[in-house]
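Q: Below is one structure. I have some questions about it.
Please treat every number below as a calculation from the coordinates, not as lab data. Just so you know, these numbers come straight off a predicted model, no measurement behind them. Ideal geometry is used to build each Cβ from the backbone, glycine not excepted, and the neighbour counts take in all protein chains shown.
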Amino acid sequence: MKKLLDSISLSVVPFLARQIIRALAATMRMTYVNFEWYRKFLGEGRQIILAFWHGRLIMMPYSYPGKGITILVSTSKDGELIARTVKGFGIDSVRGSSTRGWVAGIKGLLKSIKNGRDAAITPDGPRGPGMKAQMGVIQIARATGLPIVPMTFNALKKKPSGAGIHS
């Protein structure tokens, strides 16, 4: 019975999560702050490593405006739910984490980069400490020569003051 429930949840939960994310996005106006230099990278066709905190990943499918990205996702059951959810947004994933399968995860990410895709990683990971970057993202940047682009998402009730790019 547990295997049946797990199988159903692996099909239903990602679908529902995508619908919730899409509904949230439909109610928002995106403002990109301090984003001009990244748009220049996009215009030049440069690849990047996108880094964002684990606790801020829900709207990342709408925050990334690039050409194609592969994200490093944990080998856990939660990681499987995330991988299946983001697949519906055209985001590829490779599996690995600092505690399990890290070699396969890094190899998959490096292969994806070699094939011209951007890479995404949560440098604090699911086990934390939260919002404290670990060395993995720096090691990947060093190995590839790609710049690390930090990105986050925040929701406000009112339009923030100051400069930004609206979409």
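Q: Between F41 and D6, what's the calculated FRET efficiency when r is the beta-carbon distance and R0 is 41 Å? Round to 0.05.
A: Working: r = 40 Å, r/R0 = 0.99.
My answer for the efficiency is 0.50.
Q: Quote the relative contact order of the range 2-154 in percent (integer), defining contacts as alpha-carbon pairs under 8 Å separated by 6+ residues.
A: For the range 2-154, the relative contact order is 32 percent.
Q: With r as the distance between the Cβ atoms of D78 and N34 and R0 = 25 Å, compute the FRET efficiency 1/(1 + (r/R0)^6) and round to 0.05.
A: It comes to 0.20.
Q: Something else now. Assign unit charges at the C-beta atoms only (+1 for Lys and Arg, -1 for Asp and Glu), then state the dipole size of the chain relative to its Cα centre in Debye, rounded to the nearest 20.
A: With Lys and Arg at +1 and Asp and Glu at -1, about 140 debye.
Q: Taking neighbour counts of Cβ atoms within 10 Å as a proxy for exposure, in what order, fewest first, do M28, M1, M59 appear? Don't jump to the answer; show the numbers that get you there.
A: Working: M28 12, M1 5, M59 18.
So the ranking, lowest neighbour count to highest, is M1, M28, M59.
Q: For the chain, which DSSP H helices look membrane-span-like by this rule: Cα extent along the axis of 27 Å or more and mean Kyte-Doolittle of at least 0.0?
A: 2-26
Q: Return the calculated 222 nm mean residue ellipticity for the chain, to the nearest 500 deg cm²/dmol, obtained by summing -39500 (n - 2.57) across DSSP H runs with n ≥ 4 and dividing by the residue count.
A: Taken over the chain, the calculation gives -13000 deg cm²/dmol.
Q: Name the residue farthest towards the positive end of the dipole of the chain from the options L5, A51, P147, assuming +1 on Cβ of Lys and Arg, -1 on Cβ of Asp and Glu, about the Cα centre.
A: Positive-most Cα among the choices belongs to L5.
Q: Right, here's the next one. Please report the net charge: other residues with Cβ closer than 15 Å to the Cβ of L5, K and R +1, D and E -1.
A: +1
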